[in-house]
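Scroll down for the structure; my scribbles are underneath it.
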Amino acid sequence: MNSLSSSLWVLLLGSLLGLELIGKVPPTLHTPLMSGANAISGITILASLTLIGRAHGQPALLAVASVSLAFALYNVVGGFVVTDRMLAMFRRRGER
């Protein structure tokens with residue numbers, strides 16, 4: 001149970017720190033920050049997959065790892081979609 005409580009504390013503190021940091025970023029820096037967030041989410045995906053593989057008989061740890069995997073995948077896919085839409089603004093009308 002110690003592993004689960006430690007994991008939950010790391011999740012809680014990381015979420016609060018992320019919320020505090022993102023709230024202080026000016027809008028002009030959101031795109032470069034999103035690029036960095038995608039890289040961090042890639043690391044989170046690897047960590048989540050590792051936790052899922054090691055969560056033998058611990059359904060709570062499996063649930064936390066699965067939720068973190070879902071959020072990280074959502075962030076990465078959303079980042080690529082937003083980046084693609086942003087780059088489309090710079091294309092010429094006839095280009096695809």
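Values in this text are rule-based calculations from the coordinates and carry no lab data. Just so you know, these numbers come straight off a predicted model, no measurement behind them. Virtual Cβ from ideal backbone geometry, glycine too; neighbours counted across all protein chains shown.
Among the listed residues Leu29, Leu4, Leu12, identify the single one that is touching a helix residue (DSSP H, G or I) at 6+ places or on another chain (Cβ under 6 Å) and assigned to a helix (DSSP H, G or I).
Details: Leu29 fails: touching a helix residue (DSSP H, G or I) at 6+ places or on another chain (Cβ under 6 Å); Leu12 fails: touching a helix residue (DSSP H, G or I) at 6+ places or on another chain (Cβ under 6 Å).
After ruling out the rest, the residue left standing is Leu4.
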- [ ] Kindly list the number of the only condition in (1) of a type outside the set (Ser, Thr, Tyr); (2) surrounded by 12 or more Cβ atoms within 10 Å (Cβ to Cβ); (3) touching a residue at least 24 places away in the same chain (Cβ under 8 Å) that fails for Arg54.
- [x] (3)
TODO: Filter region 72-96 for residues that are under 20 Å from Ser15 (Cα atoms) and exposed (fewer than 14 other Cβ atoms within 10 Å of the Cβ) and give the result.
DONE: Tyr74, Val77
Task: Pairs where the first residue, in region 1-17, is of a type in the set (S, T, N, Q) and the second is assigned to a helix (DSSP H, G or I), C-beta under 7 Å, 6+ apart - done: Ser3/Leu61; Ser7/Leu61; Ser7/Val64
Open item on the list: Any residue that is under 30 Å from Asn2 (Cα atoms) and of a type in the set (Asp, Glu) - is there at least one of those in region 20-34?
Closed with: yes
TODO: Output yes when any residue across region 44-61 is under 18 Å from Trp9 (Cβ atoms) and of a type in the set (Val, Ile, Thr), and no when none is.
DONE: yes
TODO: Sort through Leu46, Leu8, Leu69, Leu21 and tell me the only one that's farther than 24 Å from Phe80 by Cβ, surrounded by 10 or more Cβ atoms within 10 Å (Cβ to Cβ) and hydrophobic (A, V, I, L, M, F, W, C).
DONE: Leu8
